[in-house]
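One structure below.
The values are calculated or read from the model by the stated rules, or taken from the named source; none is laboratory data. It should be emphasised that the depicted structure is a prediction, and the values quoted were computed from it without experimental measurement. Cβ sites come from the backbone with ideal geometry, for glycine too, and all protein chains shown count toward neighbours. Remember, those area values only see protein heavy atoms, side chains included, never the ligands or the DNA or RNA. Shrake-Rupley method; radii C 1.70, N 1.55, O 1.52, S 1.80 Å.
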Amino acid sequence: MSFFSKLKESVAKRTESVTQKFVSGLSKTSSNLVGAMGSIFTGRSKIDEDLYEELEEVLIGADVGVPTTMHLVERLRQEVKARKIKEPSELQLVMSELIAELLEDDDEPSLQLNQDGMSIILFVGVNGVGKTTTIGKLAHKLKQEGKKVILAAGDTFRAGAIEQLETWGTRAGVDVIKQQAGSDPAAVIYDAIQAAKARQAEVLLCDTAGRLQNKVNLMEELKKVFRVVQREVPDAPHEVLLVLDATTGQNAMQQAKTFGQAVNVSGIVLTKLDGTAKGGIVIAIRHELDLPVKWIGLGEKADDLQPFDKEQFLHALFQEED
Amino acid sequence: MAFEGLSGRLQSIMSKLRGKGKVTEADVKEAMREIRLALLEADVNFKVVKTFIDRVKERAIGQEVLKSLTPGQQVVKVVNEELTELMGGQESKLAVASKPPTIIMMVGLQGAGKTTSSAKLARLLSKQNKKPLLVAADIYRPAAIKQLEVLGEQLGVLVFSLGDKENPVKIAQAGIEKAKKEQFDTVLIDTAGRLHVDEQMMDELRGVRKVAEPDEILLVIDAMTGQDAVNVAESFHREMELTGVILTKLDGDTRGGAALSVKAVTNCPIKFVGMGEKADALEPFHPDRMASRILGMGDVLSLIEKA
Ligand SMILES: Nc1nc2c(ncn2[C@@H]2O[C@H](COP(=O)(O)OP(=O)(O)OP(=O)(O)O)[C@@H](O)[C@H]2O)c(=O)[nH]1
Ligand SMILES: Nc1nc2c(ncn2[C@@H]2O[C@H](COP(=O)(O)OP(=O)(O)OP(=O)(O)O)[C@@H](O)[C@H]2O)c(=O)[nH]1
Ligand SMILES: [Mg+2]
Ligand SMILES: [Mg+2]
């Protein structure tokens, strides 16, 4: 069975509505990356340097990034040689396999939860990427699964941040623990942990203020929050999710490195994948970082959060192929 | 600081050239290959990179450059000029309506920094003894109005809102009416973040533009944006006829490719850059100074002004 039909078959077992979300959310990426590769491969009669160079441009143009692009093109050259491929039209399949190879599953669950007792999840990232919104969406999801969830308003800095989280809390029907704007975020988180213990919550989702990773004092503040969580609950935090905006370019790698060093990031939430033509960053992340993409954001509504599913992703990317 | 990574790369390429007594066509081509890679790694859009490299190559390989007494210097000069041009040439100031109020509309993707930048502009105008009015036309994002109200209060600038039940067109209209009646001289309309491909939401923006007849429509864009920056800018420009750009979060360590791409595709000047989260962290953008800073040619003018 071919690569594409296998993909189709396994995706067919998933929920139709979820598949639809992936397909429509990634349609831009698909035409921009896969469609553009396709026109290179079908529009040429031989495999030459110009072809490789155009392919490089398409990949870089989709935010795959220079290092990952170089890697993919080098792998393609190897495969062409090894399999003695002469026809450019055969390259689309090879490229899809190579991309699939990079996305290799590590079978990580979308959330590492503590089975008996409370789980604490910390959300971190630069400004405006979608931390607070993701918490709102996840609260909604966990609540639907019947879990007792509490939110901690750990962004005490940005104007309206607490009210924003409260709105999400009301929507999801979960409590929000807060202090006044301007108070110490570590103190808010401490309070929230005590409240979550007292109310026997199963999951505590902690919001933090957006901060650029090169701001040393703000990163120190985040480490302090992290230490409070570690101290108050054994094995916590159970997840530290770095929220990345899919529209971001290669600075995403820097964000992952610096936040990773500061607070031990365990996974990535990739937001705003809807509509952007740049799902290519997923490929770069998988190649350059040792971090699983756990969730993806495909819109601004409560149910626009999906566990990252490699096969769904590939299927949505290569939907036109068969 | 933003641009640092790009700057380091370009400077080492440039210094190699500068040090050469004799520069051959091959030297220039080699340098251009390296510059191409440096720009791509900085997220400059690949089409923009292509045009840029072609232009520099054409000028630099010209006889007068390579035959000159200081060919290396001359090539560096060409790169500097083209880079300045790429970023917009001259500083571009905010428009002022001949008959007040001046109307400024902020547009852009989600989380780019529209609300924060609106507040920053309001502060700047207040400092110039103007009387700005902030209009809260984001009815979607949870607590968006509250965010603007808190910022307005901090700055002592009035925020006009009709809550989140009225539509943004009506809010803009009512805000402008109020400004006219009460002698506000500038109206800053904060709109909701939206994807450039969201037709319904872009339609709404056009509606606001129609009633507001803005003097400035500023695209607020995150300096960390990747290759999609040009599509975003192109779409917003096509739909809205932008008059300028505010580039935010330049206080990060991004290589800033978006900055170099957006002007190129829209031909709209970058008017301001956001350098932090606080209300005073907004600076006018000087393309020439930024270009020389990136190439390490000394940012003499800015230094003189700071002193
Ligand atoms: N289209 C789309 N918009 C999103 C998504 N996730 C978040 N947003 C929007 O992005 C904007 C910023 O989201 P927030 O949740 O406030 O981001 P944040 O990281 O908490 O921001 P700060 O706290 O200011 O650092 C809001 O307008 C959200 O509605 C997504 O998956 N898709
Ligand atoms: N470091 C830094 N942060 C900024 C800058 N401009 C805005 N921000 C932050 O970016 C985040 C998003 O800013 P907002 O002003 O809420 O963005 P927005 O475009 O109004 O967002 P939506 O209304 O959700 O579309 C906030 O955390 C701001 O504090 C800047 O120049 N530097
Ligand atoms: Mg937030
Ligand atoms: Mg806003």
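Structure summary
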{"read-out": "Tensor-based shape of the range B:83-144 (alpha-carbon gyration tensor, a/c under 1.5 rounded, otherwise prolate or oblate)", "value": "oblate"}
{"read-out": "B:Glu283 versus B:Lys50: modelled label distance in nm, points set 7 Å from Cα along the beta carbon direction", "value": "3.4 nm"}
{"read-out": "Averaged over B:102-109, number of beta-carbon atoms from partner chains that fall within 10 Å", "value": "1"}
{"read-out": "Within the range B:127-226, chymotrypsin sites (Phe, Trp or Tyr not before Pro) in DSSP loop having at most 16 other beta-carbon neighbours inside 10 Å", "value": "B:Tyr140"}
{"read-out": "For residues of A:236-246, the mean tally of beta carbons on other chains within 10 Å", "value": "1"}
{"read-out": "DSSP-defined beta bridges in the protein assembly as shown - what % are antiparallel, rounded to 5", "value": "10 percent"}
{"read-out": "Degrees separating the helix B:199-212 axis from the principal Cα axis of chain B, which is the longest one", "value": "70 degrees"}
{"read-out": "Förster radius 30 Å - calculated FRET efficiency between A:Gln112 and A:Ala181, Cβ distance, rounded to 0.05", "value": "0.40"}
{"read-out": "Among A:Phe123, A:Phe157, A:Phe259, residue whose mean-square fluctuation peaks in a GNM of chain A (springs only between Cα atoms under 10 Å)", "value": "A:Phe157"}
{"read-out": "Point-charge dipole on Cβ atoms (K/R +1, D/E -1) for the protein assembly as shown, about Cα centre, debye to 20", "value": "1220 debye"}
{"read-out": "Centroid-to-centroid separation of the range A:204-276 and the range B:10-73 [C-alpha atoms, Å]", "value": "39 Å"}
{"read-out": "Where N is the number of residues in the range A:187-322, Cα Rg divided by 2.2 N^0.38 Å", "value": "1.17"}
{"read-out": "Cα-centred dipole magnitude for the range A:119-309, charges only on beta-carbon of K, R (+1) and D, E (-1), debye, nearest 20", "value": "100 debye"}
{"read-out": "The range A:136-217, accessible surface, carbon-and-sulfur percent (1.4 angstrom probe)", "value": "47 percent"}
{"read-out": "Kirkwood Rh and Cα Rg combined as Rg/Rh, chain B", "value": "1.04"}
{"read-out": "Computed magnitude of the charge dipole of the range A:15-102 (debye, nearest 20; Cβ of K, R +1, Cβ of D, E -1)", "value": "240 debye"}
{"read-out": "Using alpha-carbon coordinates, inclination of helix B:168-181 to the longest axis of chain B, degrees", "value": "80 degrees"}
{"read-out": "Value of Rg/Rh across the range A:15-102 [Cα atoms, Kirkwood radius]", "value": "1.01"}
{"read-out": "Set A:Lys46/B:Lys263; B:Lys57/B:Lys93; B:Lys99/B:Lys120; B:Lys93/B:Lys165 screened for pairs whose C-alpha atoms are more than 28 Å apart", "value": "A:Lys46/B:Lys263; B:Lys57/B:Lys93; B:Lys93/B:Lys165"}
{"read-out": "In Å², nearest 10: area of A:Thr258 left accessible to a 1.4 Å probe", "value": "30 Å²"}
{"read-out": "Added length on full extension, which subtracts the Cα-Cα distance from 0.36 nm per residue, B:Arg238 to B:Gln183", "value": "16.5 nm"}
{"read-out": "16 Å Cα-Cα reach of A:Lys8 towards aspartates and glutamates, excluding residues that sit fewer than 8 places from it in its own chain", "value": "A:Glu16, A:Glu97, A:Asp309, A:Glu311, A:Glu320, A:Glu321, A:Asp322"}
{"read-out": "Most mobile listed residue (A:Ala192, A:Ala252, A:Ala262) in chain A, GNM with C-alpha springs under 10 Å", "value": "A:Ala262"}
{"read-out": "Label-to-label distance, nm, for residues given as A:Glu53 and B:Glu25 (7 Å Cα→Cβ offset)", "value": "1.5 nm"}
{"read-out": "Average other protein chain Cβ within 10 Å of Cβ, residues B:190-202", "value": "2"}
{"read-out": "Radius of gyration and maximum dimension Dmax of the range A:120-234, Cα, Å", "value": "13.0, 39"}
{"read-out": "Chain A: radius of gyration over Cα atoms, expressed as a fraction of 2.2 N^0.38 Å", "value": "1.07"}
{"read-out": "Tensor-based shape of the protein assembly as shown (alpha-carbon gyration tensor, a/c under 1.5 rounded, otherwise prolate or oblate)", "value": "oblate"}
{"read-out": "Ranked by how many other beta carbons lie within 10 Å on average, peptides B:126-134, B:15-23, A:198-206 from highest", "value": "A:198-206, B:126-134, B:15-23"}
{"read-out": "Set of the range B:45-66 residues, backbone N closer than 12 Å to the point 7 Å along the Cα-Cβ line of B:Glu85", "value": "B:51-60"}
{"read-out": "B:Lys67 versus A:Ser45: modelled label distance in nm, points set 7 Å from Cα along the beta carbon direction", "value": "4.2 nm"}
{"read-out": "B versus A: buried accessible surface, summed, Å² (probe 1.4 Å, to nearest 100)", "value": "3200 Å²"}
{"read-out": "Global geometry of the range B:216-258, whether rounded, prolate or oblate, following the gyration tensor of its Cα atoms and the 1.5 cut on a/c", "value": "oblate"}
{"read-out": "Between helix A:3-12 and chain A: long-axis angle, C-alpha atoms, 0 to 90°, nearest 10", "value": "40 degrees"}
{"read-out": "Length-normalised contact order for chain B - Cα pairs under 8 Å, 6+ apart - percent", "value": "26 percent"}
{"read-out": "Centroid-to-centroid separation of the range B:180-204 and the range A:1-78 [C-alpha atoms, Å]", "value": "37 Å"}
{"read-out": "Violating pairs (Cα-Cα greater than 22 angstrom) within the set A:Lys148/A:Lys178; A:Lys178/A:Lys215; A:Lys28/B:Lys170; B:Lys130/B:Lys249", "value": "A:Lys178/A:Lys215; A:Lys28/B:Lys170; B:Lys130/B:Lys249"}
{"read-out": "Most mobile listed residue (A:Asp116, A:Asp184, A:Asp274) in chain A, GNM with C-alpha springs under 10 Å", "value": "A:Asp116"}
{"read-out": "Computed over the range B:1-142, the ratio Rg/Rh where both radii use C-alpha atoms and Rh is Kirkwood", "value": "1.16"}
